Each structure stands twice: as C-alpha cells, then as structure tokens.
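Data first, discussion second: the structure below is written as structure tokens.
The values are calculated or read from the model by the stated rules, or taken from the named source; none is laboratory data. Keep in mind that what you see is a predicted model, and the values were worked out from it rather than measured. We place every Cβ from the backbone using ideal geometry, glycine too, and count neighbours over all the protein chains shown.
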Amino acid sequence: MPELTYRNALRAALTEEMARDESVVLLGEDIGVYGGTHLITQGLLDRFGAKRVIDTPIAEGGFTGAAIGMAMLGLRPVVEMMTWNFSFLASDQIIQNAAKLRYFSGGQVGVPIVIRGPNGGGVQLSAQHTHSLENLYGHFPGLKVVSPVTPYDVKGMMLTAIRDPDPVIFLEAGALYGTKGEVPEEEYTVPFGKARVAREGKDVTLISYGRQVNLLLRVAERLATEEDVQAEVIDLRSIRPFDEETIVASVKKTNRAVAVQEQWRFFGVASEVAAVIQERAFDYLDAPVERVSGAEVPAPYARNLEEAAFPSEQQVIDAAHRVLYREG
Amino acid sequence: MAVSKEARDKTGGGKATGAASPNGQQPAAEQTPDLGGERLLELYRKMLLIRVFEEATQRAFRQGKIGGYLHVYIGQEAVATGFLDAYREGDKVITAYRDHAHALLLGSDPNAVMAELYGRGTGIVKGKGGSMHLFDVERGLMGGYGIVGGHIPLGVGMAYALRYEGTEGIVQLYLGDGAIHNGAYHEAANLAGLWGKSGMNPTLFIIENNQYGMGTSVERATAMTDLGAKFDSYGIEHEKVDGMDVAAVIACARRATARVRETGRPYAVEALTYRTAPHGAADIKESYRTREEINQWRQRDPLGLVEQRLLDSGAADEGRLGALRDEVKARVDEAVRFADESPEPPLDELHTDVYADVAAQQETEPTHA
Ligand SMILES: Cc1ncc(C[n+]2csc(CCOP(=O)(O)OP(=O)(O)O)c2C)c(N)n1
Ligand SMILES: [Mg+2]
C-alpha cells in the first residue's frame, strides 16, 4: 500500500471527490492562489478553476454563512478554516444556521457542508491560537464532529463527510500534517460513529482522539516494555456520533480506563467518556475512571509553560498507575 | 461628514495628492514639513532600531529560539514611527499581531520585547503571550492581538472610556487592509461614527495598507479597493498618506491627532505602505507576488528615503550614518543577549493571571488532577 502524508491524503480526498461530484466547491482564505497556508488545497485552483476553488477575504462569518446558503441549494461546499481558532467568528452561522436549519424548517432544507481545518495546539501559538474544540461543536445536535488522526482515516472520513447530507465539523490534527501512513489506492470510506482500537490490550483502556492518540500509543509501548502492562488504546475518531459500544466493550475486558484530552478538563470529551463508562459498565470497573486534560488556563506561549499545559506521557502513566493501584 | 464626492473623484479617495505608488494608487500628502537635520536623524534612528530589531528576530526564528508566529514590520517602519511621533501621554495604542514596532516606538524596553519573543520570564508579558501579544500598559500599549479584526471594537470602546473619564486622550487604532473586510471592523466603525456625534469617540483609525492580507491582495479581497471609502458609510472622514515617507506621515499624524483630540470624533487615515518581508517568518511561499514588485517598492524603502534626505541636505554624512548603525546594532545585540541569557518563566506562572487573584483560580481548578 502506498504511504501518504496526512496532508496529501486529505488533498487526495478533496481532489477525488471534486472530480467525481461537480457540486463540491471549496471556500476559504488563501486556498487558491496561495495554495492554502497548510498546502492542503495546493494545485486545486489550477485543476478545478476559480469558480470551484473560491478565495475569500478574511470574513469567516460571511463566507461560512454564504457556504451554508450554497449548501441549502444543493451545493456541497467544503470550507477551510485557516485554523479552527477563527471559527469563533463563524460559530454563529455554524450553530444558529447550519446545525438547526433542517430541524426548524421541518425537514425542508438540509445543509450538506463540511467545515475543515487544523485544530489543537502544541506549536507555541499562545492563547488566541490554541484551542481544541471537539466538545464545543460536539455539544450541538445537528452537527457531526470528527477528529481523525491517521492518513487512512483522514481520507476515508473526508469522503464520508462530503457525502453526508448534514453539516460536518472536520477537526484535523494540524500538528500531524506531515506524518505518513498507509493509504490504499482504491476508493474507500470510513464511517462516522465508529471508534478505532489503535492497540489491543487487556489490562487498562486508554481513550483519546486527535494527536493525543499518538501520546497514548507511546505510553502503551512504555507500559508494555517497562512494566508488562498491556494497555488498549482507543481512538474515538468520531465525537458526534459517539461510539459508546467500543468503549464499553473494552472496559468490560480491562476493567480500568483513562480518558485523555488536550482540551480543558471541565465539560470536555473525557467527561463524556467517563459518564458513559459509569452508566454502562459500572459493575465492571475496578477503579474510578481517570481523566487527564490540559491545564485549566489559556494556552501560554513560553515553551516550558506550553509543555506543562498539555497532557504528558508521565501524567498518563501516573493515571494508569492509579487505576491499576500501582501508585508510588 | 464624509469627504465630498468631488474630492474623492479627484484623488481616488481621501484628500491625497502627490506621486503614485508602484501599484498606481495615490499616496502622498501635502507639503512635507522641513523636519530639520537633528530631528530627521532621530527619526531615522527609531526606524533603524525597528529594522535591525526585526532582522534579529527573523534570525532567532530561523535558529528556533523564537517559536509560534512571528510577523515583522520591515518595510512599514515609517507608518508607526510617524503616527507615534504624535503620541501624547494618556493616549492609547492598539494593534494586531504585527506589533513589535509599536512597542519599541512607545519606549518599551527592547530587552523585554526580545525576551518575550524568546518566551522568557523577563518578557514584557512574562513569556505568556509571545510576539502577537505585546502589552505595555504604562506606556499606552493596550496590546497586540491575534484574531484579525478582533481588536477593533476594543479600541473604539477605549476611546469612549477616555472621554467618559474626561481625559484629552485619544486612541490610535491600527488595522490591516485585510482586517477591514471583517464584520468586527464594520460594527465597530459604525459605533465609532455614532458615538463620535456626541464627541465620545476620539479614535484615530490607521489602516496599515501593506497591499496584502497574507497572500491576498487588496484587489482580490474587495470590489471597493479605496479602503478609506469604507469609512464613508459610517460618517467618518478619512484621507490617505504616503506610508513610505515618514515626513509625510508626521505631517498627517499631527493634523489628524489634533482634530480627533479636539472634536472627540473618529477619523481615518489609510497609510499606503508595503511589507517587504513575508507575511510571517514561517510563510516562505511568496507565489502571490513578484520579485519585481517587491524590488519596486524597495526603491521607496522608508529608511532609504530618509537616508537620502539626510545625505542630500548635508545633515549627515556616511560616517555619521555608519556610527548610528553601529550604535543601533549594539543596542539590538544587547537585547538578544539579554533574551538569550534570561531564564524561562517559572512553572508556577502557568496558573497565575487567569483570574485577578490566585484564590479565584484555585476555586475553578479540578479538586483532583
Ligand atoms: C479571524 C482571523 N482569520 C484569519 C486569521 C489568519 N491571518 C492572520 S494574519 C492574516 C492576514 C491579515 O492581513 P492584514 O489585516 O492586511 O494585516 P497584515 O498581516 O498585512 O499586517 C490572516 C488571514 C486570523 N489571525 N484571524
Ligand atoms: Mg495587510
């Protein structure tokens, strides 16, 4: 199987779907002439023309709203948020219109839009440019929210997203655009609402999504080699719909769980994971579910402070030790 | 009242006259004042400090000593230098992320600014904000901001507060050509115009029109490329100035700040300038513009223009300029050394400044982490 970077897998999905479906259009800042600030849309203006690859001014609320209007009439816009930090300006359109139009029109209109871009921190962009927004958008009925971390998943889920009849919030692991993975040449899709078991194990379940999955895989490797603890790693991939089954099945096997998220602890995705486990696997638990989250502060700039603000391998290992009663 | 239609027709917007800039727009203002040799030298020293400082930050970025985003002011020095020449104590200054020059011109310690970019505890905001978020409240700098357009309403609110408190202060509100297409600008400009009717909005909008918002030229961002005209809709008068010529900017700034101060009404100046550096230090792609275009603007480099004037008038010779360069370079070297030798912020700084007091912060912390 050929290896592609996350970036190229994403571009392949956009290119193939634009070739297949004329209703797909792209909108965003510097996606055309400039080729995309993260080069996701490089070459697409030349290939598909300015009518389908639409460079916009810095007007997130306006162009996201306009894309929603296009979608209401049957186009399938894929909107690039240069980074998800700028989506707060578009969030009124996303939440007040995209998420609810089908409902408050009594089913008369749908909004088949995808809004995509890099999400999450880790590159010293400080407070206004560092957010992990899964829980925010995941809160709203009417939206679908996904957060793929492998090149395979990002391509397969992008195809699913564009073909979906409803609005999809597509949160990319911006820090991982350059990472490689196997991506088949033939067409495939990855469904929403299905978590991925990224590593199998029997002793403890580690659950996350986005770039933190790689952190969990490193932790699992350390636990295996240093302590002979076999951790199972679950990559949620899809935040809404949320795959309860995979989590519950794993915890029934391991009886212990640690949920990890880059975002803030209060009201985050990890809280949802913990709640689902206690609702559906309470009798199987040998220890309270642990959460590891970002520090409860806006993101700092200084390298050492930023490192301290995000979950670390050691924090996850400590949490695993607590649920395994191996403290100290 | 907005500029009359005839005036606009004559000049292509605002009341600007003079030589056309390389892109054919009308910059320049009235007769530039004779600044006198020593004063011109002083302005040159300020612009040179910005230039040399910014070049040092670019090097440090390449060495990995500065992280995150880094946006330099190279090519635009005359704009902030000219406007902040009219700064008076009690005024407030607010801008976006391209903010190093504004801090240096307001007198912030270059050591503390450089240390901030290095993410050190001795930084001007303790290493917490980095390049995009310089603040020096004591000197009137109310911040650099990272979300395009997001700071514009803040500036308008500050102008209201200054009048509310009965002060003579005004707000110098800097914004980019790209920011003017954002809703935040339009809502805030409307408020400024409205509140200005009762003298409650001494905001001086300064558009740093460097021709591009990242890779998007003004022509590719709007059908109405006369950016000053955007203010007409909100009852705010405006003009253009040649943002490459510090003397022209100073003349304009004196007049503009005086009228805003006197009337309590907003006013706007579109400074035509050019960013010769890439948008951000990490954005090496320059496919959206040509080498020739950059070189053409470089011929009107703001520092080059002043150097020429100094030499032509005999106010300085090459020897004097060389000595000045050495002096400025030594100052910047010192800032770099200071930043390099400064310690990282202590880890407990992570949890301070979230709320006014640490107790409030602790109340919102998880009980078990
Ligand atoms: C709301 C928002 N959208 C997008 C960005 C990304 N971005 C950062 S700077 C910039 C260009 C802004 O151009 P302009 O206002 O002309 O300022 P300049 O960089 O030229 O000084 C963009 C699009 C952002 N920071 N905020
Ligand atoms: Mg600009």
Search result, residues across the range A:151-187 that are part of a loop (DSSP other than H, G, I, E, B) and of a type in the set (S, T, N, Q) = A:THR179
For B:GLY178, state whether it is free of Cβ contacts under 8 Å to residues at least 12 places away in the same chain, under 21 Å from A:LEU89 (Cβ atoms) and among the small types (Gly, Ala, Ser).
-> no
Has the range B:200-207 got any residue that is over 18 Å from B:ASP99 (Cβ atoms), more than 16 Å from ligand 2 (Cβ to nearest atom), surrounded by fewer than 19 Cβ atoms within 10 Å (Cβ to Cβ) and of a type in the set (S, T, N, Q)?
-> no
Those residues of the range A:103-116 that are out of contact with any Pro (no Cβ under 6 Å at 6 or more places or on another chain) and either surrounded by fewer than 16 Cβ atoms within 10 Å (Cβ to Cβ) or within 12 Å of A:ILE68 (Cα to Cα) (or both) come to a total of 9
Pairs only if they're at least six apart or on different chains, beta carbon under 9 angstrom, first in the range B:44-70 and closer than 12 Å to B:LEU117 by Cα, second polar (S, T, N, Q) and part of a helix (DSSP H, G or I); list them, first residue then second.
-> B:ILE66/B:THR57; B:ILE66/B:GLN58; B:LEU70/B:THR57; B:LEU70/B:GLN58
Failed item, numbered, when B:ILE236 is tested on (1) in a loop (DSSP other than H, G, I, E, B); (2) among the hydrophobic types (A, V, I, L, M, F, W, C); (3) within 16 Å of ligand 2 (Cβ to nearest atom) | (3)
Members of the range B:227-250 found to be of a type in the set (Lys, Arg) and under 10 Å from B:ALA189 (Cβ atoms), listed by number = B:LYS230
Go through B:ALA282, B:ALA271 for me and flag whichever is within 16 Å of ligand 1 (Cβ to nearest atom), under 21 Å from the mean Cα position of the chain (by Cα), modelled with pLDDT under 95 and not basic (Lys, Arg).
-> B:ALA282
Matching residues in the range B:49-102 - criterion: being within 14 Å of another protein chain (Cβ to nearest Cβ), of a type in the set (A, V, I, L, M) and within 27 Å of B:GLY157 (Cβ to Cβ) | B:ALA96
Residue that is within 16 Å of ligand 1 (Cβ to nearest atom) and at pLDDT 95 or above, where the choices are B:MET224, B:MET200 | B:MET224
Looking at A:LEU305, A:LEU216, which one is crowded, with 24+ Cβ neighbours inside 10 Å, within 14 Å of chain B (Cβ to nearest Cβ), touching a Leu at 6+ places or on another chain (Cβ under 6 Å) and at pLDDT 95 or above?
-> A:LEU305
If B:ARG309 satisfies every condition in (1) farther than 20 Å from B:ARG51 by Cα; (2) surrounded by 14 or more Cβ atoms within 10 Å (Cβ to Cβ); (3) charged (D, E, K, R) but one, which is the exception?
-> (1)
In the set A:ILE113, A:ILE94, A:ILE207, A:ILE169, which member is within 30 Å of A:GLN230 (Cβ to Cβ) and modelled with pLDDT of 95 or more?
-> A:ILE207
In this structure, does A:ALA90 turn out to be more than 14 Å from chain B (Cβ to nearest Cβ), of a type in the set (Gly, Ala, Ser), surrounded by 17 or more Cβ atoms within 10 Å (Cβ to Cβ) and under 26 Å from A:SER147 (Cβ atoms)?
-> no
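Yes/no matrix, rows are residues, columns are (1) within 22 Å of the chain's Cα centre (by Cα); (2) more than 23 Å from B:GLN362 (Cα to Cα):
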| site | (1), (2) |
| --- | --- |
| A:ASN255 | no, yes |
| A:VAL260 | yes, no |
| A:GLN263 | yes, no |
| A:ALA275 | yes, yes |
| A:ALA302 | no, no |
| A:PRO311 | yes, no |
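I'm trying to understand the selection: among the residues of the range B:194-234, which are basic (Lys, Arg) and within 14 Å of chain A (Cβ to nearest Cβ)? Walk me through it before giving the result.
At the first step, the residues of the range B:194-234 found to be basic (Lys, Arg) are B:197, B:220, B:230.
Those that are basic (Lys, Arg) and within 14 Å of chain A (Cβ to nearest Cβ): B:ARG220, B:LYS230.
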Could you list, in sequence order, all residues of the range B:208-226 that are near ligand 2 (Cβ under 9 Å from one of its atoms) and among the aliphatic types (A, V, I, L, M)?
-> B:MET214, B:VAL218
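I'm checking my understanding of the structure. Among residues of the range B:169-193 that are away from chain A (no Cβ under 14 Å) and either among the hydroxyl-bearing types (Ser, Thr, Tyr) or not in a helix (DSSP H, G or I) (or both), which one is farthest from ligand 2 (Cβ to nearest atom)?
In this case the residue turns out to be B:GLY169.
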Looking only at the range B:113-168, count how many residues are away from chain A (no Cβ under 12 Å), touching a residue at least 60 places away in the same chain (Cβ under 8 Å) and in a loop (DSSP other than H, G, I, E, B).
-> 2
Would you be able to tell me the number of residues in the range B:124-168 that are more than 22 Å from A:PHE86 (Cα to Cα) and either within 16 Å of ligand 2 (Cβ to nearest atom) or charged (D, E, K, R) (or both)?
-> 7
Name, by its number, the condition in (1) among the polar types (S, T, N, Q); (2) in a helix (DSSP H, G or I); (3) without any contact (Cβ under 8 Å) to a residue 60 or more places away in the chain that does not hold for A:ASN8.
-> (3)
Picking from A:ILE40, A:ILE58, which residue would you name as being in a loop (DSSP other than H, G, I, E, B), crowded, with 19+ Cβ neighbours inside 10 Å and more than 12 Å from chain B (Cβ to nearest Cβ)?
-> A:ILE40
